[in-house]
Amino acid sequence: MARGLTLLVAALVFYVTPSVQGTSHLSFSNASVDITRSGCGVDKLCVENPDDCAPNGPDRCLFGSVVAAAPVAPNGAMLSIELSGGVVGFIALGLTANASEGTTMLFVCGNANGFFFRTMTLNNTDAALTVNEEQVSDIRGTVNGTQIDCEFNIPSVNTTRSRSSEATTSSIILGRGLVNGMAVNNFIEFLNSGPLNLADPASNLIRTTTAAPSVNATAAPSVNATAAPSVNATAAPSLCCSC
């Protein structure tokens, strides 16, 4: 009887709601999920594909947002994440110091007959996925048809692995892929933000690229329409470099 009660308590702790699934390094919340563009660029750093799309809008939008608390050395900063997308399979948000080498911390929200959550490591060189046990808390998620919405907190993140304030500098990756049961594979990247200061909600808005003005938009008028006469029809004498 005692053993049965222990197993029952463990099950209730592990599955906060019947549709939420994960492993022991994850903790879940019953709080509701409400993801919008409200606060983008002011209270939270937002990234999306396609540009300026709205979560749960009529278009298939892949959307993520980050709010970073002040970093505490040497552990880094706590991040609060929103992730939303319409997909059959899973959506994921990744954080990396360098998207062309090393690894990416990948946070997966998926649908396998209900919401599930995973933390993965993505090899930036060969795109191989492996399971890791990054601590994540306050996970909540919903699945509505092919629409997946999730929110979660990462207690301590330092993608630079340093003890400086640069703990909040990271590239954000957004993508999606397929599921086999609750296993994830075939991650496809749809957005790479490049290095951003996660603590600055407007850090991806101040980058503006404008075309350099043409020095001379029209052809310069010819000074002399006829060919200039040759000053010296013979070749100029060679300079002597060893004189």
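Give the residue, chosen from Thr226, Thr168, that is hydroxyl-bearing (Ser, Thr, Tyr), modelled with pLDDT under 95 and within 23 Å of His25 (Cα to Cα). Quick ask: steps written out before the conclusion?
Values: Thr226 fails: within 23 Å of His25 (Cα to Cα).
Thr168 is the lone residue from the list that is hydroxyl-bearing (Ser, Thr, Tyr), modelled with pLDDT under 95 and within 23 Å of His25 (Cα to Cα).
Given (1) in contact with a strand residue (DSSP E or B) (Cβ under 6 Å, 6 or more places away or on another chain); (2) at pLDDT below 90; (3) not polar (S, T, N, Q), identify the lone condition not met by Arg161.
It is condition (1) that Arg161 fails.
Looking only at the stretch 75-92, which residues are within 17 Å of Leu198 (Cβ to Cβ) and outside any strand (DSSP E or B)?
Answer for the stretch 75-92, where residues must be within 17 Å of Leu198 (Cβ to Cβ) and outside any strand (DSSP E or B): just Asn75.
If a residue has to be outside any loop (DSSP other than H, G, I, E, B) and either without any contact (Cβ under 8 Å) to a residue 12 or more places away in the chain or among the aliphatic types (A, V, I, L, M) (or both) to count, how many in the stretch 47-74 make the cut? Quick ask: steps written out before the conclusion?
First, the residues of the stretch 47-74 that are outside any loop (DSSP other than H, G, I, E, B): 47-49, 62-68, 72.
Now restrict to residues that are either without any contact (Cβ under 8 Å) to a residue 12 or more places away in the chain or among the aliphatic types (A, V, I, L, M) (or both): 47, 62, 66-68, 72.
Qualifying residue count for the region: 6.
All but one of (1) under 19 Å from Met182 (Cβ atoms); (2) touching a residue at least 12 places away in the same chain (Cβ under 8 Å); (3) among the small types (Gly, Ala, Ser) hold for Ser137; state the number of the condition that does not hold.
The one condition Ser137 does not meet is (1).
The rows are residues; the columns are (1) open to solvent by 40 Å² or more (accessible area, probe 1.4 Å); (2) touching a Pro at 6+ places or on another chain (Cβ under 9 Å); (3) within 28 Å of Ala31 (Cβ to Cβ).
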{"site": "Gly86", "(1), (2), (3)": "no, no, yes"}
{"site": "Leu95", "(1), (2), (3)": "no, no, yes"}
{"site": "Ser100", "(1), (2), (3)": "yes, no, no"}
{"site": "Thr104", "(1), (2), (3)": "no, no, yes"}
{"site": "Phe107", "(1), (2), (3)": "no, no, yes"}
{"site": "Val136", "(1), (2), (3)": "no, yes, yes"}
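Please identify the pairs in which a residue from the stretch 143-161 that is open to solvent by 10 Å² or more (accessible area, probe 1.4 Å) has its Cβ atom under 6 Å from the Cβ atom of a residue that is of a type in the set (Asp, Glu) and at pLDDT 90 or above, counting only partners at least 6 apart or on another chain.
Glu151/Glu82; Asn153/Asp138
The values are calculated or read from the model by the stated rules, or taken from the named source; none is laboratory data. Everything numeric in this text was worked out from a predicted model, so none of it was measured. With ideal geometry, Cβ positions are generated from the backbone for all residues, glycine too; neighbour counts draw on all protein chains shown. Keep in mind that these areas ignore ligands, DNA and RNA; they rest on the heavy atoms of the full protein, side chains included. Shrake-Rupley method; radii C 1.70, N 1.55, O 1.52, S 1.80 Å.
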